[in-house]
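Below is one structure, written out as structure tokens, with a few remarks after it.
The values are calculated or read from the model by the stated rules, or taken from the named source; none is laboratory data. All values derive from a computational prediction rather than experimental measurement. A quick note on method: Cβ atoms are made from the backbone with ideal geometry, for glycine too, and the neighbour counts reach across all protein chains shown. For accessibility, only protein heavy atoms count, side chains too; no ligands or nucleic acids. Shrake-Rupley method; radii C 1.70, N 1.55, O 1.52, S 1.80 Å.
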Amino acid sequence: MIFNIEVNNKVLKAKRGDSILETLNQNGISVPTLCRMQSFPSSGACRLCVVEVEGKEDLVPACSHNVEEWMKIHTHSPRVINARRTIVELLLSSHPDDCLYCIRNKNCELQELADELGIRERKLPIVKKQVKKDPSSVSITREPDKCILCGRCIKVCRDWIGISTLDYIGKAMNTIVGPTFDNKLNISNCITCGQCIMVCPTGALHEKDDVNKVLLALQDPDKYVVVQISPTVSVSLAEEFNIRFGKELDELLVATLRRMGFNKVFKTAFAADIMLIQMAEELIDRMEKNERLPILSSNCPAFVKYIEQTYPDLIPNLSVIKSPQQIMGSLVKHHFAKDQKVKAEKIFSVSLMPCTAAKFEASREEFTHKGNSDIDVTLTTRELARMIRLYGLNIQQLAPEVSDTPFVIRTSASKIIGTSGGLAEALYRTLYYKLTGKQLINFKIAALRGNKKIKEYNSKIGNHKIGIAAVNGLSNAVELLDKIIEGKSAYQFIEVMACPGSCVNGGGQPIGSGQEAIKARIKTLYDIDEKESVKASYKNMAVTELFDKYIDKEKESFFQQFITSYQKRDVML
Ligand code: SF4
Ligand code: SF4
Ligand code: FES
């Protein structure tokens, strides 16, 4: 039912059931918010969204009160502005004054609010929180003294990821947000997905900053510094430089990285094609033997960690094929080093990833040999952007350059794996060819695209019934995983990506870009797939050439480098 209300002395239309905040936003009026998040019920924790409603004694939080007929609302009266200023001044009184050094400087919601509300001096005495930084995780750093207790990270970790690592701890003035028993993050059940970082309004949660390690390597004349670019980093970096959302910067990024001094620039997508070919063969092998089905995808390191710690009985179901990051890491330090006669110890291998969990993956001992890791440093899209700014490079003014051989060719299948359902769709293309010797007529599988929590595709290839599921966001996987344990799963392959939306919305991507940007990233990846003619990984000629080199000699050890193993993990709950 539609009715009239009055806002700031103007009559507006409102809909029964909508909150005051929704109604204001629909009418182009904005009020500040801090704890609220789209698609979550309001918690009313911050009270910054308060408005004055005539006839009500107290100010009312707009996010948790519904509109009523002929309400008379004042969104920016002196009383309201004073209340908001007091809330922010209180938050600032216990906030460290180190904005200049903070990783979120110039992209902090608290800083923006203080500015918007015209707070120019400290009015309340400083009440410093006595809480220490937690740098224990290789992916995520906690700085609890910067936490404003908005609770966003708690909701995301619990409801989107289904992990519940974080919660309120302590009481009253001593309340903090952290892992159970105030433990360190590295011994908690955190799967390092980084989604809590994406919603944190301040610098209380952020990626482990590894930029300096790369700078030092670039300045070291004894290092041969190699970098790989993930397929989704190149479609999300644009937002960091006010370039059109979703613009593919691939070749401009190659030019930028060369200006920084990287000796070789490779595309992770080449390794993604290898992963897809090897995974299709693994699936055929398991289907023929009727064992360890369904295969669970293993290219999301956060999901792999989740299986290791929460569903150890399903470890045998995980695909043993390494992620594209680690396949490329292995190719660089072994195949490339040998081919180019560069000592593996001299190579410093950097990966640019949309993901904080990729930092954890790179640190796994399976990928370290005699103290030498296949990947030395993983940088997120955000760290990459900071590095480009540090070098003073204008990415748009450079001329595009192609990446380096021999890992230069990729198919469009290797691009779409950054979307939810994209891995399953890309895998199916090679699976179909391997089972029939024929190419698919229609490559697009609409059932595996889009935003649904679980997408399904059932088909028959020859005598094989193929049931595929793609799970969008880890919390949606539980039911399917329980069914496997009960022996009731009808699928042959299940893709699980921990972050809702998959890598395009990974925990290392630009913060605050919003849904429009994420949609633009997805569109770019599918547009590339639509336009390009080589759509299936088995058609990557450079991969075929590489494989052919090893048909006889050293074949086994060559293919062994694409395979890994997993371990049961004990974590504090
Ligand atoms: S990184 Fe992911 S699992 Fe870890 S605390 Fe944050 S949201 Fe939870
Ligand atoms: S860590 Fe960040 S998101 Fe979590 S409660 Fe604190 S300020 Fe909010
Ligand atoms: S945004 Fe309404 S109470 Fe926080």
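Within the range 377-402, the set of residues being without any contact (Cβ under 8 Å) to a residue 12 or more places away in the chain and either touching a strand residue (DSSP E or B) at 6+ places or on another chain (Cβ under 7 Å) or not basic (Lys, Arg) (or both) comprises GLY392, ASN394, GLN397. THR180 falls short on exactly one of the conditions (1) open to solvent by 50 Å² or more (accessible area, probe 1.4 Å); (2) assigned by TED's automatic domain parsing to the domain that holds PHE336; (3) touching a Ser or Thr at 6+ places or on another chain (Cβ under 9 Å), and that condition is (2). Tallying residues that are assigned to a helix (DSSP H, G or I) and either more than 14 Å from GLY194 (Cα to Cα) or of a type in the set (Asp, Glu) (or both) within the range 142-159 yields 4.
Return yes when THR175 is over 17 Å from the mean Cα position of the chain (by Cα) and either small (Gly, Ala, Ser) or away from ligand 1 (no atom under 12 Å from the Cβ) (or both) and no when it is not. The answer is yes for THR175. Note on the range 336-383: among residues that are of a type in the set (Lys, Arg) and surrounded by fewer than 24 Cβ atoms within 10 Å (Cβ to Cβ), the one that is farthest from ILE161 (Cα to Cα) is LYS341. For the range 486-566, the helices (runs of 4 or more DSSP H) that sit wholly inside it and include 2 or more residues that are hydroxyl-bearing (Ser, Thr, Tyr) and touching a residue at least 40 places away in the same chain (Cβ under 8 Å) are 515-531. Quick check on the range 132-148. Is at least one of its residues away from ligand 1 (no atom under 16 Å from the Cβ) and either within 30 Å of GLU6 (Cβ to Cβ) or open to solvent by 60 Å² or more (accessible area, probe 1.4 Å) (or both)? Yes, the range 132-148 contains at least one residue that is away from ligand 1 (no atom under 16 Å from the Cβ) and either within 30 Å of GLU6 (Cβ to Cβ) or open to solvent by 60 Å² or more (accessible area, probe 1.4 Å) (or both). May I ask you to list the residues in the range 332-350 that are farther than 11 Å from ASN372 by Cα and either in contact with a Pro (Cβ under 9 Å, 6 or more places away or on another chain) or acidic (Asp, Glu) (or both)? If the condition is that a residue be farther than 11 Å from ASN372 by Cα and either in contact with a Pro (Cβ under 9 Å, 6 or more places away or on another chain) or acidic (Asp, Glu) (or both), then HIS335, PHE336, ASP339 are the ones that fit.
For beta carbons closer than 7 Å, sequence separation of 6+ or different chains, a first residue in the range 268-284 that is touching a residue at least 12 places away in the same chain (Cβ under 8 Å) and in the same structural domain as SER297 (by TED's automatic domain parsing) and a second that is part of a helix (DSSP H, G or I) and among the aromatic types (Phe, Trp, Tyr), the qualifying pairs are ILE277/TYR538. Among residues of the range 116-131 being of a type in the set (Lys, Arg) and open to solvent by 50 Å² or more (accessible area, probe 1.4 Å), the one that is nearest to VAL31 (Cα to Cα) is ARG120. When each of ILE395, ILE409, ILE417 is tested for being open to solvent by less than 30 Å² (accessible area, probe 1.4 Å), among the β-branched types (Val, Ile, Thr) and either touching a Phe, Trp or Tyr at 6+ places or on another chain (Cβ under 8 Å) or not assigned by TED's automatic domain parsing to the domain that holds LYS531 (or both), the lone residue that passes is ILE395.
Hey, does the range 421-431 have a residue that's of a type in the set (Lys, Arg) and within 26 Å of the chain's Cα centre (by Cα)? Taking every residue of the range 421-431 in turn, at least one turns out to be of a type in the set (Lys, Arg) and within 26 Å of the chain's Cα centre (by Cα). For the range 149-173, filtered to residues that are hydrophobic (A, V, I, L, M, F, W, C) and open to solvent by 70 Å² or more (accessible area, probe 1.4 Å), the residue that is nearest to LYS453 (Cα to Cα) is TRP160.
Here the strands (runs of 3 or more DSSP E) wholly within the range 1-96 that include at least 1 residues being modelled with pLDDT of 95 or more, away from ligand 3 (no atom under 16 Å from the Cβ) and of a type outside the set (Lys, Arg) are 2-7, 10-15, 72-74. Please go through the range 287-307 and give me each residue that is more than 19 Å from the chain's Cα centre (by Cα), open to solvent by less than 10 Å² (accessible area, probe 1.4 Å) and more than 22 Å from THR268 (Cβ to Cβ), ordered by number. Of everything in the range 287-307, just one residue is more than 19 Å from the chain's Cα centre (by Cα), open to solvent by less than 10 Å² (accessible area, probe 1.4 Å) and more than 22 Å from THR268 (Cβ to Cβ), namely PRO294.
Report yes if some residue within the range 81-98 is closer than 30 Å to LYS15 by Cα and without any contact (Cβ under 8 Å) to a residue 12 or more places away in the chain; otherwise report no. Scanning the range 81-98 turns up at least one residue that is closer than 30 Å to LYS15 by Cα and without any contact (Cβ under 8 Å) to a residue 12 or more places away in the chain.
Taking the range 194-224 as the range and being assigned to a helix (DSSP H, G or I) and among the β-branched types (Val, Ile, Thr) as the test, the residues that pass are ILE197, VAL199, VAL211, VAL214.
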